[in-house]
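Novice: Here it is: the structure, laid out below.
The values are calculated or read from the model by the stated rules, or taken from the named source; none is laboratory data. Keep in mind that this is a model prediction, so the values were computed, not measured. To get the accessible areas, we keep the full protein, side chains included, count just its heavy atoms, and leave off ligands, DNA and RNA. Shrake-Rupley method; radii C 1.70, N 1.55, O 1.52, S 1.80 Å.
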Amino acid sequence: MKIRITLVALTLAAAVPLAAGCATKDTPASKGATPSASATPEVSAKDALTASTKKLEGQPLVFGMDTTLAAGQTVVGTGQVDPAGKKIAVDTTVTVSGQKIATKLIMIDKDLWFRFDGVPALGDKWQHVNLDKLPETSKTRKQLADPANANALLGAIATAERMDATNYYGTVDLKKLGGVSGLDQLKIGDVTTTGFTAKLDPQGRLTKLTVSLGTAGEITATYTEIGKPVTVTAPPAADVVEAPEAALAAL
């Protein structure tokens, strides 16, 4: 497997986001007498998981994502998002071959600030850019639309089963994980399908998703403080410079 060390990966790899139409409705097995027309039909496991991420949409929350690879490479990140307030903050640390690069990203409405720690050539200032300067095809714009990556991860689920009211398991199509922040196309030999586990809270909202990468490693995403206010503030003006054109091209 490779980790894509680009501006997008470094600033948004923390996060794990709902592919439209990824769920299919299974017909529940018949048990005992035929239920009456007024009975509520059982929701399939895949539909329940899709609904669990839909319930995160529009909600302020705190998210985390740990990607651990057998090769010793890691992407560890935490973030906060307030969709209604159009605010996002993400802190990410990427480790490759013993070298650590920490990044911070803040978005408030159309203002985006980012900073790199561990790359002396980039300085220690926050770089600012207005999102209107980025094309619609910008990878950063797409990632900011789903910073927690819940849709991208669930979009890779191939099959799902219910263990109990809040715990699920199933299989993942690894070929569909390329859309997850920080991950390039997976290269793990002939293995294309692995397993996952998911946990929901009593309200049916996704709180944890762990995806196996086979012998390559594992991804774990968490979602907490759902519905609670988050605090995202702009960097001090004295610590900000406008991003150069070269940086805009990378975005």
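Novice: Using the reciprocal of the averaged 1/r over all distinct C-alpha pairs, how large is the Kirkwood radius of segment 115-174 in Å?
Specialist: When all Cα pairs of segment 115-174 are included, the Kirkwood radius is 15.4 Å.
Novice: Would you mind getting the accessible area per residue of segment 101-153, heavy atoms of the protein chains only, 1.4 Å probe, in Å²?
Specialist: Here the per-residue accessible area is 47 Å².
Novice: Next question, about the same structure. Share of segment 34-169's accessible area from carbon and sulfur, percent, 1.4 Å?
Specialist: Its accessible area is 54 percent carbon and sulfur atoms.
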